[in-house]
1. Look through LEU94, LEU80, LEU101, LEU70 and report the one residue that is hydrophobic (A, V, I, L, M, F, W, C) and within 18 Å of the chain's Cα centre (by Cα).
2. Which members of segment 1-14 meet the condition of being in a loop (DSSP other than H, G, I, E, B) and in contact (Cβ under 8 Å) with a residue 24 or more places away in the chain?
3. Let me confirm something: among GLY27, GLY8, GLY67, which residue is in contact with a strand residue (DSSP E or B) (Cβ under 9 Å, 6 or more places away or on another chain) and among the small types (Gly, Ala, Ser)?
4. Tell me, yes or no, whether segment 292-301 has at least one residue that is buried (at least 17 other Cβ atoms within 10 Å of the Cβ), at pLDDT below 95 and on the phi > 0 side of the Ramachandran plot.
5. Could you figure out which of (1) outside any strand (DSSP E or B); (2) in contact with a Leu (Cβ under 6 Å, 6 or more places away or on another chain) isn't true of LEU24?
6. Please go through segment 128-152 and pick out each residue that is of a type in the set (D, E, K, R) and part of a loop (DSSP other than H, G, I, E, B).
7. Residues to consider are ILE150, ILE64, ILE51; find the one that is without any contact (Cβ under 8 Å) to a residue 24 or more places away in the chain and either of a type in the set (Asp, Glu) or assigned by TED's automatic domain parsing to the domain that holds HIS32 (or both).
8. Given the options LEU268, LEU257, LEU237, name the one that is within 18 Å of HIS212 (Cβ to Cβ) and touching a Phe, Trp or Tyr at 6+ places or on another chain (Cβ under 8 Å).
Amino acid sequence: MPTLHWEGQSLAVAPGQTALDALLGAGVSIPHSCRAGACQSCLLQATAGEIPPSSQQGLKPALIAQGYLLACLCRPEADLHLTAPGPGARVPALITKLTWLSDSVLQVHLTTSESLDHRPGQYLTLLRDDGLARSYSIAGQEIELHVRRIPGGAMSNWLADVEPGTPVTLQGPAGDCFYTPGDPHQPLLLAGAGTGLAPLYGILRDALRRDHQGPIWLYHGALNESGLYLTAELEALAATYPNFQYRPTLFHRDGPLPEVLSAAHPKLAGWRGFVCGDPQIVNILKKRLFLAGMASRAISADAFLPSTLK
(Lines give C-alpha, C1' and ligand atoms only; values in the text may rest on other atoms or scores of the structure.)
Protein backbone atom coordinates (compact mmCIF):
# COMPACT_ATOMS: atom_id res chain seq x y z
CA MET A 1 0.00 0.00 0.00
CA PRO A 2 1.59 3.34 -1.05
CA THR A 3 2.26 6.03 1.51
CA LEU A 4 1.51 9.72 1.06
CA HIS A 5 3.87 12.09 2.86
CA TRP A 6 2.51 15.52 3.72
CA GLU A 7 4.11 18.05 6.10
CA GLY A 8 5.49 15.42 8.47
CA GLN A 9 2.49 13.12 8.20
CA SER A 10 2.58 9.67 6.61
CA LEU A 11 -0.79 8.58 5.25
CA ALA A 12 -1.64 5.15 3.89
CA VAL A 13 -3.49 5.34 0.58
CA ALA A 14 -6.07 2.64 -0.10
CA PRO A 15 -6.11 0.98 -3.55
CA GLY A 16 -7.79 3.31 -6.02
CA GLN A 17 -8.07 6.15 -3.49
CA THR A 18 -7.11 9.63 -4.65
CA ALA A 19 -4.54 11.75 -2.90
CA LEU A 20 -7.25 14.35 -2.33
CA ASP A 21 -9.51 11.89 -0.49
CA ALA A 22 -6.59 10.56 1.55
CA LEU A 23 -5.61 14.06 2.63
CA LEU A 24 -9.17 15.18 3.38
CA GLY A 25 -9.76 11.96 5.30
CA ALA A 26 -6.76 12.78 7.49
CA GLY A 27 -8.17 16.22 8.27
CA VAL A 28 -5.88 18.14 5.90
CA SER A 29 -7.56 21.19 4.38
CA ILE A 30 -6.93 21.14 0.62
CA PRO A 31 -8.64 23.58 -1.76
CA HIS A 32 -10.90 21.67 -4.12
CA SER A 33 -14.14 22.07 -6.00
CA CYS A 34 -15.10 19.91 -9.01
CA ARG A 35 -13.16 16.71 -8.17
CA ALA A 36 -12.93 16.05 -11.92
CA GLY A 37 -9.62 17.70 -12.82
CA ALA A 38 -11.30 20.62 -14.54
CA CYS A 39 -11.05 23.47 -12.03
CA GLN A 40 -7.46 22.59 -11.02
CA SER A 41 -8.02 24.06 -7.56
CA CYS A 42 -6.50 20.99 -5.86
CA LEU A 43 -3.09 21.61 -7.44
CA LEU A 44 -0.20 20.23 -5.36
CA GLN A 45 3.51 19.76 -5.96
CA ALA A 46 5.38 16.47 -5.68
CA THR A 47 8.86 16.80 -4.20
CA ALA A 48 9.71 13.08 -4.39
CA GLY A 49 8.15 9.85 -5.60
CA GLU A 50 6.41 8.56 -8.69
CA ILE A 51 3.77 10.87 -10.18
CA PRO A 52 0.89 9.11 -11.99
CA PRO A 53 0.80 10.68 -15.49
CA SER A 54 -3.00 10.88 -15.38
CA SER A 55 -2.77 13.27 -12.42
CA GLN A 56 -1.13 15.92 -14.64
CA GLN A 57 -3.87 15.94 -17.25
CA GLY A 58 -4.55 19.44 -18.57
CA LEU A 59 -1.66 21.12 -16.75
CA LYS A 60 0.71 23.48 -18.52
CA PRO A 61 4.08 21.98 -19.50
CA ALA A 62 5.86 24.36 -17.12
CA LEU A 63 3.82 23.04 -14.17
CA ILE A 64 4.34 19.43 -15.22
CA ALA A 65 8.09 20.02 -15.38
CA GLN A 66 8.01 21.31 -11.80
CA GLY A 67 6.21 18.22 -10.50
CA TYR A 68 2.74 19.68 -10.09
CA LEU A 69 -0.31 17.41 -10.12
CA LEU A 70 -4.04 17.46 -9.44
CA ALA A 71 -4.84 15.71 -6.17
CA CYS A 72 -8.33 14.69 -7.30
CA LEU A 73 -6.85 12.73 -10.23
CA CYS A 74 -3.84 11.37 -8.40
CA ARG A 75 -4.11 7.70 -7.42
CA PRO A 76 -0.63 6.90 -6.10
CA GLU A 77 0.85 3.53 -6.97
CA ALA A 78 4.05 4.19 -5.01
CA ASP A 79 5.16 6.45 -2.16
CA LEU A 80 4.68 10.13 -2.93
CA HIS A 81 5.82 13.29 -1.13
CA LEU A 82 3.48 16.26 -1.63
CA THR A 83 3.51 19.90 -0.63
CA ALA A 84 1.37 23.00 -1.21
CA PRO A 85 1.90 24.91 -4.47
CA GLY A 86 4.87 27.25 -4.56
CA PRO A 87 4.65 30.99 -5.30
CA GLY A 88 4.96 30.46 -9.06
CA ALA A 89 1.69 28.54 -9.29
CA ARG A 90 -0.51 31.11 -7.60
CA VAL A 91 -0.53 34.90 -7.55
CA PRO A 92 -2.02 37.37 -5.06
CA ALA A 93 -4.80 39.60 -6.34
CA LEU A 94 -7.19 42.30 -5.18
CA ILE A 95 -10.89 42.62 -5.90
CA THR A 96 -11.10 46.13 -7.35
CA LYS A 97 -14.68 46.52 -8.55
CA LEU A 98 -18.03 44.76 -8.16
CA THR A 99 -20.99 45.46 -10.45
CA TRP A 100 -24.35 43.72 -10.72
CA LEU A 101 -25.02 42.93 -14.38
CA SER A 102 -28.45 41.47 -13.54
CA ASP A 103 -30.39 40.40 -10.49
CA SER A 104 -28.23 37.29 -10.20
CA VAL A 105 -24.97 37.90 -12.11
CA LEU A 106 -22.12 39.80 -10.48
CA GLN A 107 -19.22 41.24 -12.47
CA VAL A 108 -15.96 40.95 -10.51
CA HIS A 109 -12.84 42.88 -11.53
CA LEU A 110 -9.44 41.91 -10.14
CA THR A 111 -5.87 43.15 -10.40
CA THR A 112 -2.65 41.29 -9.70
CA SER A 113 0.69 42.57 -8.45
CA GLU A 114 2.46 40.57 -11.14
CA SER A 115 1.61 39.84 -14.75
CA LEU A 116 -0.86 37.03 -15.36
CA ASP A 117 -0.54 35.64 -18.88
CA HIS A 118 -4.12 34.94 -19.89
CA ARG A 119 -6.47 35.01 -22.86
CA PRO A 120 -10.14 36.05 -22.72
CA GLY A 121 -12.20 32.86 -22.62
CA GLN A 122 -9.80 30.87 -20.46
CA TYR A 123 -10.67 30.20 -16.83
CA LEU A 124 -8.89 30.64 -13.53
CA THR A 125 -9.42 29.54 -9.96
CA LEU A 126 -10.19 32.11 -7.29
CA LEU A 127 -9.16 31.15 -3.75
CA ARG A 128 -10.22 32.77 -0.50
CA ASP A 129 -7.86 33.03 2.47
CA ASP A 130 -9.57 30.02 4.07
CA GLY A 131 -8.87 27.86 1.00
CA LEU A 132 -12.36 27.93 -0.51
CA ALA A 133 -11.87 27.74 -4.29
CA ARG A 134 -14.07 28.20 -7.34
CA SER A 135 -13.26 28.46 -11.05
CA TYR A 136 -14.58 31.21 -13.32
CA SER A 137 -14.09 32.13 -16.97
CA ILE A 138 -12.26 35.30 -17.94
CA ALA A 139 -14.53 37.74 -19.74
CA GLY A 140 -12.02 40.33 -20.96
CA GLN A 141 -8.48 41.53 -21.52
CA GLU A 142 -8.48 42.64 -17.90
CA ILE A 143 -9.37 40.03 -15.29
CA GLU A 144 -13.15 40.20 -15.35
CA LEU A 145 -15.35 37.41 -14.02
CA HIS A 146 -19.12 36.86 -14.19
CA VAL A 147 -20.36 35.13 -11.04
CA ARG A 148 -23.90 33.81 -10.80
CA ARG A 149 -25.21 34.15 -7.24
CA ILE A 150 -26.40 30.73 -6.15
CA PRO A 151 -28.71 30.27 -3.14
CA GLY A 152 -26.48 28.87 -0.43
CA GLY A 153 -23.37 29.24 -2.61
CA ALA A 154 -20.37 29.85 -0.36
CA MET A 155 -18.22 31.77 -2.83
CA SER A 156 -20.91 33.59 -4.81
CA ASN A 157 -22.63 34.92 -1.70
CA TRP A 158 -19.31 35.93 -0.17
CA LEU A 159 -18.40 37.86 -3.32
CA ALA A 160 -21.81 39.53 -3.30
CA ASP A 161 -21.09 40.99 0.14
CA VAL A 162 -17.33 41.59 -0.01
CA GLU A 163 -15.75 45.04 -0.26
CA PRO A 164 -13.44 46.22 -3.06
CA GLY A 165 -9.83 45.96 -1.94
CA THR A 166 -10.30 42.48 -0.47
CA PRO A 167 -7.29 40.25 -1.18
CA VAL A 168 -7.69 36.85 -2.85
CA THR A 169 -5.41 34.41 -4.65
CA LEU A 170 -5.61 33.37 -8.30
CA GLN A 171 -4.43 30.15 -9.89
CA GLY A 172 -4.19 29.56 -13.62
CA PRO A 173 -5.27 30.42 -16.20
CA ALA A 174 -6.19 27.18 -17.94
CA GLY A 175 -8.29 26.06 -20.87
CA ASP A 176 -8.06 26.41 -24.65
CA CYS A 177 -11.38 28.13 -25.31
CA PHE A 178 -10.08 31.41 -26.72
CA TYR A 179 -9.73 33.25 -30.01
CA THR A 180 -6.64 32.53 -32.08
CA PRO A 181 -5.70 34.85 -34.94
CA GLY A 182 -4.50 33.47 -38.24
CA ASP A 183 -7.72 33.08 -40.24
CA PRO A 184 -9.38 36.51 -40.04
CA HIS A 185 -12.10 35.69 -42.56
CA GLN A 186 -13.33 32.44 -40.99
CA PRO A 187 -16.96 32.60 -39.78
CA LEU A 188 -17.27 32.27 -36.00
CA LEU A 189 -20.24 30.91 -34.05
CA LEU A 190 -20.42 31.59 -30.30
CA ALA A 191 -23.18 30.01 -28.23
CA GLY A 192 -23.92 29.54 -24.56
CA ALA A 193 -26.46 29.93 -21.79
CA GLY A 194 -26.40 31.70 -18.43
CA THR A 195 -22.93 32.85 -17.38
CA GLY A 196 -21.63 30.83 -20.31
CA LEU A 197 -21.77 34.31 -21.83
CA ALA A 198 -18.64 35.31 -19.85
CA PRO A 199 -16.02 33.50 -21.97
CA LEU A 200 -17.97 34.23 -25.15
CA TYR A 201 -18.02 37.95 -24.34
CA GLY A 202 -14.28 37.84 -23.83
CA ILE A 203 -13.68 35.88 -27.04
CA LEU A 204 -15.93 38.22 -29.03
CA ARG A 205 -14.19 41.39 -27.88
CA ASP A 206 -10.78 39.82 -28.43
CA ALA A 207 -11.71 38.84 -32.00
CA LEU A 208 -13.04 42.34 -32.74
CA ARG A 209 -9.98 43.94 -31.13
CA ARG A 210 -7.80 41.84 -33.44
CA ASP A 211 -9.83 43.02 -36.45
CA HIS A 212 -11.50 39.73 -37.30
CA GLN A 213 -13.20 40.26 -40.66
CA GLY A 214 -15.38 37.17 -40.99
CA PRO A 215 -18.97 36.92 -39.75
CA ILE A 216 -19.35 36.50 -35.99
CA TRP A 217 -22.64 35.23 -34.54
CA LEU A 218 -23.24 35.18 -30.79
CA TYR A 219 -26.23 33.34 -29.33
CA HIS A 220 -27.00 33.74 -25.63
CA GLY A 221 -29.78 31.55 -24.29
CA ALA A 222 -31.87 31.92 -21.14
CA LEU A 223 -35.07 30.54 -19.67
CA ASN A 224 -36.57 34.04 -19.35
CA GLU A 225 -35.73 37.71 -19.75
CA SER A 226 -34.06 37.93 -16.33
CA GLY A 227 -31.45 35.41 -17.49
CA LEU A 228 -30.16 37.72 -20.22
CA TYR A 229 -27.54 40.32 -19.37
CA LEU A 230 -25.11 42.67 -21.16
CA THR A 231 -27.79 43.04 -23.84
CA ALA A 232 -27.20 46.79 -24.29
CA GLU A 233 -23.44 46.32 -24.58
CA LEU A 234 -23.82 43.52 -27.13
CA GLU A 235 -26.39 45.44 -29.15
CA ALA A 236 -23.99 48.40 -29.22
CA LEU A 237 -21.20 46.15 -30.53
CA ALA A 238 -23.54 44.77 -33.20
CA ALA A 239 -24.38 48.34 -34.25
CA THR A 240 -20.68 49.23 -34.44
CA TYR A 241 -19.33 46.15 -36.22
CA PRO A 242 -21.22 45.11 -39.37
CA ASN A 243 -19.80 41.57 -39.26
CA PHE A 244 -21.17 40.89 -35.76
CA GLN A 245 -24.68 39.54 -35.14
CA TYR A 246 -26.10 39.20 -31.61
CA ARG A 247 -29.03 36.87 -30.98
CA PRO A 248 -30.48 36.66 -27.46
CA THR A 249 -32.79 33.64 -27.26
CA LEU A 250 -35.48 32.71 -24.76
CA PHE A 251 -36.69 29.17 -24.27
CA HIS A 252 -40.38 30.07 -23.99
CA ARG A 253 -40.24 32.40 -27.01
CA ASP A 254 -37.68 30.91 -29.39
CA GLY A 255 -37.31 27.31 -28.26
CA PRO A 256 -34.22 25.51 -26.92
CA LEU A 257 -30.91 27.05 -27.94
CA PRO A 258 -29.69 23.96 -29.88
CA GLU A 259 -32.88 24.01 -31.95
CA VAL A 260 -32.46 27.70 -32.67
CA LEU A 261 -28.90 27.12 -33.86
CA SER A 262 -29.84 24.15 -36.04
CA ALA A 263 -32.58 26.14 -37.75
CA ALA A 264 -30.45 29.23 -38.33
CA HIS A 265 -27.20 27.48 -39.29
CA PRO A 266 -27.88 24.09 -40.92
CA LYS A 267 -24.49 24.07 -42.67
CA LEU A 268 -21.34 25.02 -40.77
CA ALA A 269 -18.49 23.51 -42.76
CA GLY A 270 -15.47 25.80 -42.52
CA TRP A 271 -16.75 27.62 -39.41
CA ARG A 272 -15.13 27.80 -35.99
CA GLY A 273 -17.30 27.36 -32.90
CA PHE A 274 -17.17 28.24 -29.22
CA VAL A 275 -19.76 26.75 -26.83
CA CYS A 276 -19.87 27.48 -23.10
CA GLY A 277 -22.00 26.93 -20.01
CA ASP A 278 -23.77 23.99 -18.41
CA PRO A 279 -22.14 20.66 -19.42
CA GLN A 280 -25.41 19.20 -20.72
CA ILE A 281 -26.12 22.05 -23.13
CA VAL A 282 -22.44 22.26 -24.11
CA ASN A 283 -22.45 18.59 -25.13
CA ILE A 284 -25.66 19.03 -27.15
CA LEU A 285 -24.31 22.14 -28.88
CA LYS A 286 -21.02 20.44 -29.75
CA LYS A 287 -22.94 17.57 -31.34
CA ARG A 288 -25.20 19.93 -33.30
CA LEU A 289 -22.24 21.92 -34.64
CA PHE A 290 -20.46 18.73 -35.67
CA LEU A 291 -23.53 17.32 -37.41
CA ALA A 292 -23.88 20.62 -39.29
CA GLY A 293 -20.42 20.08 -40.77
CA MET A 294 -18.12 21.88 -38.37
CA ALA A 295 -14.86 20.00 -37.85
CA SER A 296 -14.46 18.65 -34.30
CA ARG A 297 -11.03 20.30 -34.03
CA ALA A 298 -12.72 23.64 -34.80
CA ILE A 299 -15.06 23.41 -31.79
CA SER A 300 -13.77 24.86 -28.50
CA ALA A 301 -15.80 24.26 -25.36
CA ASP A 302 -15.89 25.42 -21.76
CA ALA A 303 -18.26 23.27 -19.70
CA PHE A 304 -18.96 24.70 -16.24
CA LEU A 305 -18.65 21.72 -13.93
CA PRO A 306 -20.55 22.28 -10.65
CA SER A 307 -18.74 22.35 -7.36
CA THR A 308 -19.04 19.23 -5.22
CA LEU A 309 -19.27 21.52 -2.17
CA LYS A 310 -22.08 23.69 -0.90
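1. Values: LEU94 fails: within 18 Å of the chain's Cα centre (by Cα); LEU80 fails: within 18 Å of the chain's Cα centre (by Cα); LEU101 fails: within 18 Å of the chain's Cα centre (by Cα).
Sole residue among the options that is hydrophobic (A, V, I, L, M, F, W, C) and within 18 Å of the chain's Cα centre (by Cα): LEU70.
2. Step one: filter segment 1-14 for residues in a loop (DSSP other than H, G, I, E, B), giving 1-2, 7-8, 13-14.
Selection gives PRO2, GLU7, VAL13.
3. Values: GLY27 fails: in contact with a strand residue (DSSP E or B) (Cβ under 9 Å, 6 or more places away or on another chain); GLY8 fails: in contact with a strand residue (DSSP E or B) (Cβ under 9 Å, 6 or more places away or on another chain).
Answer to the check: GLY67.
4. Checking segment 292-301: not a single residue is buried (at least 17 other Cβ atoms within 10 Å of the Cβ), at pLDDT below 95 and on the phi > 0 side of the Ramachandran plot.
5. Condition not satisfied by LEU24: (2).
6. Matches in segment 128-152: ARG128, ASP129, ASP130, GLU142, ARG149.
7. On the way: ILE150 fails: either of a type in the set (Asp, Glu) or assigned by TED's automatic domain parsing to the domain that holds HIS32 (or both); ILE51 fails: without any contact (Cβ under 8 Å) to a residue 24 or more places away in the chain.
None of the others qualify; the one that does is ILE64.
8. Numbers: LEU268 fails: touching a Phe, Trp or Tyr at 6+ places or on another chain (Cβ under 8 Å); LEU257 fails: within 18 Å of HIS212 (Cβ to Cβ).
When all the criteria are applied, what remains is LEU237.
The values are calculated or read from the model by the stated rules, or taken from the named source; none is laboratory data. Here the structure is a predicted model, which means the values were calculated and not measured. Note that we place each Cβ from the backbone using ideal geometry, even for glycine, and neighbour counts take in every protein chain shown.
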